[in-house]
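Inspection log for the structure reproduced underneath, given as structure tokens.
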Amino acid sequence: MRLKRKDILTIEELERDELEMIFSSAASFKEVSERDIKKVPTLRGRTIINLFYEPSTRTRTAFEIAGKRMSADVINISASASSVKKGETLMDTAKNLEAMKPDCIVIRHSSAGASHILAGLLSCSVINAGDGAHEHPTQALLDIFTIKERFGRVEGLKVLIVGDILHSRVARSNIWGLKKLGAEVTVCGPPTMIPPHIERLGCSVTYNIDHAIEDADVIIMLRIQLERQRATLFPSLREYARCWGLSAERLKRAKKDVLIMHPGPVNRGVELSPEVIDGPWSVILEQVTNGVAVRMALFYLLLGGVKED
Amino acid sequence: MERVVLRGGRIIDPSQDMEGLYDIFIMGGRVASIKPAEEGSPVGEGWLEYDCKGLVVAPGFVDLHTHLREPGEEYKETIKTGTLAAAAGGFTTILCMANTTPPNDSEAVTRFIKKRAEEEGTVKVHPVGAITKGLEGKELTEMAELKEAGCVAVSDDGRPLMNTSLMRRALEYAGGLGLTVISHCEDIYLKEDGVMNEGFEATRLGLKGIPAQVESIMIARDIELCELTGSRLHIAHVSTRRGVELIRDAKRRGVNVTAEATPHHLLLTDRMVGYDTDFKMNPPLRTEEDVEALREALKDGTIDCVATDHAPHSSIEKDVEFDMAKDGVVGLETAFGVLMRLVHEGVLTLKELVRLLSTEPAKLMGLQAGSLSVGSPADVVVIDTEREWTVEPETFRSLSRNTPFKGWTLKGRVVRTFVDGRVVYEEE
């Protein structure tokens with residue numbers, strides 16, 4: 001089994017049956033991480049490069065562990081410790097890395113479209129680990145996989161995404177994926193953080209979280225990217241937390257079995273109050289566990305088996 | 001004295017409302033006479049004869065908006081290559097913007113450009129001087145001296161003048177000298193670090209948007225200042241429906257404002273951008289609705305002329321992440337072929353297109369160009385309207401290749417260009 005594509009750049013371009021294939025594969029790879037000896041030989045002799053131009057803990061580690069549990073050789077490059085500091089362009093870095101014959105490059109970059117540049121330039125596989133405010137496909141895959149595990153379905157679920165939709169690649173990827181699988185998606189946040197015409201992706205928009213949480217099956221809380229708020233999109237963290245943060249008190253309006261998700265890292269006390277992060281609704285750590293399984297599935301579906309030409 | 005005759009072409013000269021089959025006789029670089037074409041009649045000894053049968057002969061095009069990059073960025077374009085590109089596109093007169101390195105904010109730079117153009121250039125080059133020293137938006141340049149040195153207009157193109165009071169003074173002062181102020185209308189505070197048109201496409205691609213109001217707010221401001229000062233204002237590269245509406249309204253009220261639009265804003269939309277940096281320019285490509293409004297404005301005269309905003313960049317500036325790429329596309333060599341699409345689509349007649357490319361821009365800047373009337377400089381473009389060709393950037397005379405029209409098949413091509421009666425471009 002293999003995906004009929006070289007790269008994973010967006011959820012937008014994936015078909016529903018490809019999503020299903022990834023999820024079923026992730027379900028079987030999840031078991032590997034439960035074993036005593038957490039390693040399979042599937043990708044022995046394959047080389048994966050993690051090329052990260054932005055800081056990352058979860059995503060980079062999950063990609064690395066996923067590759068290693070499948071016996072691939074995984075190399076990590078972070079922009080601060082490389083020739084990027086010496087002024088090399090993305091294109092040149094990519095071509096030089098390819099000259100060392102990797103099978104896959106995983107890239108995170110602050111510019112939207114960076115992974116497209118690489119994919120067009122290189123013959124090896126490229127996986128987008130987040131490009132600017134564009135997409136973060138593997139995050140959406142692990143989010144939806146987690147939802148699917150809990151509910152046994154995605155179709156018909158009401159999913160609320162709260163926070164800085166404007167700058168969020170996680171939101172964009174999740175909207176595409178959830179819509180393809182038949183969920184109803186609502187985005188919520190301060191008007192300054194809702195990008196124009198987002199509803200054309202098939203979601204609805206609200207500014208009022210208290211109404212929106214009432215019938216939600218899943219609430220995905222987004223990180224307020226303190227490092228990105230150059231412009232004043234809201235008056236203060238205090239006011240943000242008051243209007244759009246999720247506290248146990250606010251959650252009383254929600255369904256009892258509502259699922260609370262967050263791509264991490266969480267700003268405790270801003271998006272989520274501590275009791276919600278650590279409470280029974282939260283599947284934040286399951287998301288992290290599933291992040292490894294989903295990335296193992298992707299490596300397998302892109303690099304596994306014999307290459308067909 | 002050199003004698004040249006262009007025989008049997010279909011002359012289209014909007015400046016004298018002329019359209020028909022004529023022979024054009026050129027002596028000493030000027031149009032000596034125009035006579036109804038007489039096939040086979042001898043022209044006499046010593047005449048260099050060009051057969052233009054089946055071709056259109058029109059006044060050479062005039063581009064009010066090019067960037068020649070010399071001095072300072074000669075790896076992108078030089079005055080030599082830029083004017084070669086102009087000749088290949090049928091342009092015989094071009095205005096070059098002041099944002100070189102150093103900027104054209106002094107007599108010395110203006111004279112340098114003029115001298116270079118005379119020595120190495122193939123078409124006529126008129127420098128546009130800076131409005132403010134160093135294009136910094138702080139102090140006015142010595143405009144009287146700039147004019148004396150050869151500047152025909154002033155502009156801080158690429159850098160909008162955000163200081164409203166200074167813009168008022170610039171209009172007043174330039175107006176007194178008879179210089180037109182060309183305004184690059186953009187509210188940089190509203191724009192922030194936007195990189196493409198704000199709308200669904202920017203949202204989908206995760207790129208920071210530039211709302212149409214970035215342009216229209218400044219057009220509104222500059223129209224108000226134009227009215228306050230009574231000076232001549234020309235709005236560069238209008239890209240939005242709201243911009244068009246504001247200019248239309250101002251013209252109705254008799255405000256002394258004119259405007260241009262570029263071929264790319266007339267043909268392309270933000271849906272074509274993807275992450276292709278050859279589609280990144282300032283102002284950005286807008287929506288279908290804006291394109292429609294611009295085309296309408298060309299027809300009703302709200303937009304006075306077409307200008308290329310020829311902005312060469314090398315792969316160093318363009319083969320990078322979209323948000324880091326420099327703004328701008330080359331346009332001199334593709335403008336006519338691309339605009340012929342509007343003729344084929346029935347938006348414009350060929351005569352209207354010639355008027356927008358030559359007669360009108362020449363008139364706006366008071367240039368001796370854009371006409372084939374007897375006594376005029378023999379700046380002439382010969383066009384094959386039936387010729388199909390494909391845009392291949394590697395064949396450009398320009399040093400740069402950053403065109404969004406790569407691979408387009410166009411119908412209608414410049415086959416020969418004359419400046420002062422001499423051939424400066426001939427299709428191979």
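FYI, it's all coordinate maths here, none of it is from the lab. Since we're looking at a predicted model, the values are computed, not measured. Counting neighbours? That spans all protein chains shown, and the Cβs are built from the backbone with ideal geometry, glycine included.
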Problem set entry | Antiparallel bridge percentage (DSSP; both residues within chain A; nearest 5) | 5 percent
Exercise. With each run of n ≥ 4 DSSP H residues scored as -39500 (n - 2.57), what mean residue ellipticity at 222 nm is computed for chain A after dividing by its residue count and rounding to the nearest 500 deg cm²/dmol?
Worked result: -10500 deg cm²/dmol
For this session: Would you kindly derive the ³J(HN,Hα) couplings of region B:268-274 from the backbone phi angles with the Karplus curve 6.51 cos²θ - 1.76 cosθ + 1.60 (θ = phi - 60°), listing them in order in whole Hz, with x for Gly and Pro?
Result: 10, 10, 5, 6, 8, 5, x
For this session: List every residue whose amide H lies under 5 Å from the amide H of B:Gly370, counting only residues 5 or more places away in sequence or on a different chain, with H placed 1.01 Å from N in the peptide plane.
Result: B:Gly60
Seminar exercise, completed: Rounded to the nearest 5, the percent of antiparallel DSSP beta bridges in region A:69-188 equals 10 percent
Exercise. Got a sec to turn the phi values of region B:219-226 into Karplus ³J(HN,Hα) couplings, 6.51 cos²θ - 1.76 cosθ + 1.60 with θ = phi - 60°, whole Hz, x for Gly and Pro?
Worked result: 4, 4, 4, 5, 5, 4, 5, 4
Seminar exercise, completed: antiparallel share of DSSP beta bridges within region B:1-156, to nearest 5, in %, is 50 percent
Problem set entry | region B:46-179, dipole about Cα centre (Lys/Arg Cβ +1, Asp/Glu Cβ -1), debye to the nearest 20 | 200 debye
For this session: With a/c under 1.5 counting as rounded, go ahead and sort region A:1-81 into rounded, prolate or oblate using the C-alpha gyration tensor (a ≥ b ≥ c being the square roots of the eigenvalues; past the cut-off, prolate if a/b is larger than b/c, else oblate).
Result: oblate
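Helix-only estimate, please: 222 nm mean residue ellipticity of chain B, summing -39500 (n - 2.57) across DSSP H runs of length 4 or more and dividing by its residues, to the nearest 500.
Working: 14 runs with 126 residues, N = 428.
It lands at -8500 deg cm²/dmol.
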Seminar exercise, completed: For region A:105-119, Karplus-derived ³J(HN,Hα) couplings (6.51, -1.76, 1.60; θ = phi - 60°; whole Hz; x for glycine and proline) come out as 10, 9, 10, 10, 8, 7, 9, 4, x, 4, 5, 5, 4, 4, 4
Seminar exercise, completed: Given the candidates B:Ile303, B:Leu140, A:Pro102, the one whose Cα lies deepest towards the positive end of the charge dipole of the protein assembly as shown, counting +1 at each Lys or Arg C-beta and -1 at each Asp or Glu C-beta, is A:Pro102
For this session: Answer rounded, prolate or oblate for region B:60-364, using the Cα gyration tensor with square roots of eigenvalues a ≥ b ≥ c: rounded when a/c is under 1.5, else prolate when a/b is larger than b/c, else oblate.
Result: rounded
For this session: Identify, among B:Leu266, B:Ala32, B:Gly54, the residue whose Cα sits farthest towards the positive end of the charge dipole of chain B, taking +1 on the Cβ of Lys and Arg and -1 on the Cβ of Asp and Glu, with the dipole about the Cα centre.
Result: B:Ala32
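About the Cα centre of region B:60-364, how large is the charge dipole given +1 on each Lys and Arg Cβ and -1 on each Asp and Glu Cβ? Please answer in debye to the nearest 20.
720 debye
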Problem set entry | region A:46-68 and region B:367-428: distance between their alpha carbon centers, rounded to Å | 53 Å
Exercise. Which of B:Pro71, B:Ile235, B:Pro284 sits farthest toward the positive end of the charge dipole of the protein assembly as shown, with +1 on the Cβ of Lys and Arg and -1 on the Cβ of Asp and Glu?
Worked result: B:Pro284
For this session: Please list, in chain and number order, the residues 5+ apart from B:Leu285 or on another chain whose amide H is under 5 Å from its amide H, with Hs placed from the backbone.
Result: B:Asn197
For this session: Give the long-range amide H neighbours of B:Thr122: residues separated by 5 or more places, or on another chain, with amide H under 5 Å away, using H modelled in the peptide plane at 1.01 Å from N.
Result: B:Thr83, B:Leu84
For this session: Assuming a ≥ b ≥ c are the square roots of the Cα gyration tensor eigenvalues, decide whether the protein assembly as shown counts as rounded (a/c under 1.5), prolate (otherwise, with a/b larger than b/c) or oblate.
Result: prolate
For this session: Step through the table entries B:Lys251/B:Lys363; A:Lys30/A:Lys158; A:Lys86/B:Lys76; B:Lys251/B:Lys351; A:Lys101/B:Lys208; A:Lys158/A:Lys252, compare each Cα-Cα distance with 28 Å, and write down the pairs that go over it.
Result: A:Lys101/B:Lys208
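Using a simple charge model, +1 on the beta-carbon of Lys and Arg, -1 on the beta-carbon of Asp and Glu, nothing else, what dipole does the protein assembly as shown show about its Cα centre, in debye to the nearest 20?
2040 debye
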